[in-house]
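Every number in this text was worked out from the coordinates using simple rules, so none of it is lab data. No experiment lies behind these values; they were computed from the predicted model shown. Reconstructed Cβ throughout: ideal geometry from the backbone, glycine too, with neighbour counts over all protein chains shown.
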Amino acid sequence: MRIVVLGGGFAGMEAVRVLERGLRGRTDVELQLVSDRNYLLFTPLLPQVASSMVEPRHIIQPVRDIRGARGFRFRRDTVHSIDLAGHRVLMAEGTLRYDRLVIALGGVTPTFNIPGVTEHALGYKWLDDAVVLRDHLIDLAEHADHEPDPDVRRRMLTVCVVGGGYTGVELIAELEDLFDAYIVPRYRGIGPGDYRLLLLEAGGEILRGVHPTLAERARRKLWREGIEIRTGTRVTRVLERAVEAEGELIPVGLTVWAAGVAGHPTLAHVDAERDRLGRLLTLPTMQLKGHPDVYGAGDAVAVEGKPDASIPIIPAALAHAQLAAENILRDLAGRPPGTIDFAPRGMLVSLGERDAVVEVLGLRFSGYAAWLFWNAVHLWKLVGFRKQLQVAVDWGLAQVFPRDTAIMRRPSRCAICAHARPPAARKPGAAA
Ligand SMILES: Cc1cc2nc3c(=O)[nH]c(=O)nc-3n(C[C@H](O)[C@H](O)[C@H](O)COP(=O)(O)OP(=O)(O)OC[C@H]3O[C@@H](n4cnc5c(N)ncnc54)[C@H](O)[C@@H]3O)c2cc1C
């Protein structure tokens, strides 16, 4: 018998952990994990990679290093489709038959078919996105530093983040720190009034799902720092050097797209029900309707009739995965499956250095204490002592030394960097 888990994120790794433990000593069951990245990415620290606070490698843990006595096989491969009727997973480098399957491929950031998003906005979901974003920001500063026209300079240093959820809010707060604490003091051609940070949110409020008092506290803090927040503002087009929203064309140097979570496109063909975001619908047992051998977990799925259990956050992904794995073990033992019982127990949102808003077990607090709590929780949750140490050292060093802002790519080869410069500064024939 073979159990296959698809996706090496929080959900996939948790499913493997529970299955591995439950199957210890069983030689008749083979456990395989398939993922296109060979590491687990700790997403809560992505904003700090974008702002050069934390080194990229310090927030990832290679799958092969996560456990010592590995009772599962890992295959780095890309899933192209799943043949539910034939019990097969079709991948870039072959096909894998399964007896039980856990789908934990995560989600994607939806573009809502808005023109220009794919071409002109930077994504913000994977480690490479954060590294590319960081390089672009620094590159913008390098060019703006010797730009004599103040209007062009301000346009180049206008960063627009689309999406006022916690990912967009945490990112823009980090960017404010980067500009304020590093770029303005170190780039002699850039003054405090030369950069502009803009957060656009289509809904009526930022940080939906966070307690209104804390959301308001966060909003006030961002305003005080000069970050422009526009709620009820729907983006209708992203252009080379502008964002169109509510009929207005806003000139920008860089657009970052952080507008929610939608179902994984690889699963679009799977013959199963979906919610309005395109996520696969599971029963409260985490089984796909009509496919009792197939389980879903994490951002890739929504649980039918359980909105609280369908929020795309790490604790929900872990709860799904734990239950999916336990139900597979129950099934193998001939016992009936359990059902999901999950509701988020809190929310932690960082607002940059020394500030955060926290709601945990009914307790709400903000400011420095909340920031310390945020740091402690995330350090504790980071997988692996080595990574915990590395991030703690990064945080410590950031208090004493300037951030390391060396650009790692060759900027001349990047179309978006070329967009950021005024046309006269572009080389003839440069990519547009
Ligand atoms: C910037 C950012 C910050 C966040 N901060 C927080 C936070 O502070 N707290 C919180 O609770 N949540 C946070 N989240 C949400 C959290 O990261 C997700 O809810 C969580 O990662 C979901 O886990 P998952 O395993 O379902 O998906 P993922 O973690 O996305 O894992 C999916 C896995 O599947 C693999 N995969 C994808 N496609 C394929 C394919 N075709 N073939 C093979 N493998 C594939 C991927 O490489 C990945 O390993 C954040 C998300 C982002 C983007």
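At a threshold of 8 angstrom on Cα-Cα distance, excluding pairs fewer than six apart, so keeping six or more, what relative contact order does the range 99-170 reach in percent? Intermediate values should be presented prior to the final figure.
Details: 20 pairs, mean separation 10.4, N = 72.
RCO, the range 99-170: 15 percent.
List the relative contact order of the range 128-229 as a percent without decimals, with contacts defined as Cα pairs under 8 Å and 6+ residues apart.
31
In terms of modelled amide H atoms, which long-range or inter-chain residues lie less than 5 Å from the amide H of V102?
The answer is V4, V5, L6, Y295.
Which residue, R73, R17, R237, has the most motion in a Gaussian network model of the chain that connects Cα atoms within less than 10 Å?
In the Gaussian network model the winner is R73.
Could you work out how far the C-alpha centroid of the range 155-199 sits from that of the range 100-124, in angstrom?
Taking the Cα centre of each part, the range 155-199 and the range 100-124 sit 24 Å apart.
To the nearest 20 Debye, how big is the dipole of the chain about its Cα centre, given +1 on the beta carbon of each Lys and Arg and -1 on that of each Asp and Glu?
Approximately 840 debye in magnitude.
Please list, ordered by chain and number, the residues whose modelled amide H lies under 5 Å from the amide H of M53; skip anything fewer than 5 residues away on the same chain.
Result for M53 returns nothing.
To the nearest 10 degrees, how steep is helix 385-400 against the longest Cα principal axis of the chain, on a 0 to 90 scale?
Between the helix axis and the principal axis of the chain, the angle is about 10 degrees.
Express in whole angstrom the spacing between the alpha-carbon centres of the range 3-77 and the range 249-270.
Cα centres, the range 3-77 to the range 249-270: 25 Å.
Can you tell me the relative contact order of the chain? Whole percent, Cα pairs under 8 Å, sequence separation 6 or more.
It comes to 19 percent, rounded to a whole number.
Most mobile of R21, R154, R330 per a Gaussian network model of the chain (Cα springs, under 10 Å)?
Sorting by GNM fluctuation, first place goes to R21.
Taking the Cα atoms only, what angle lies between the long axis of helix 212-224 and the longest principal axis of the chain, rounded to 10 degrees?
Tilt of helix 212-224: around 30 degrees.
Nearest 10 degrees is fine. How inclined is helix 166-177 to the longest principal axis of the chain, computing both from alpha carbons?
For helix 166-177, the angle is close to 40 degrees.
Which residue, M53, M91, M156, tops the fluctuation ranking in a GNM of the chain built on C-alpha contacts under 10 Å?
M91
Residues with amide H under 5 Å of V256's amide H, sequence separation 5 or more or different chain, H placed in the peptide plane at 1.01 Å from N; which?
Residues meeting the criterion, in which the H sits 1.01 Å from N, are L122, C160, V161, V162.
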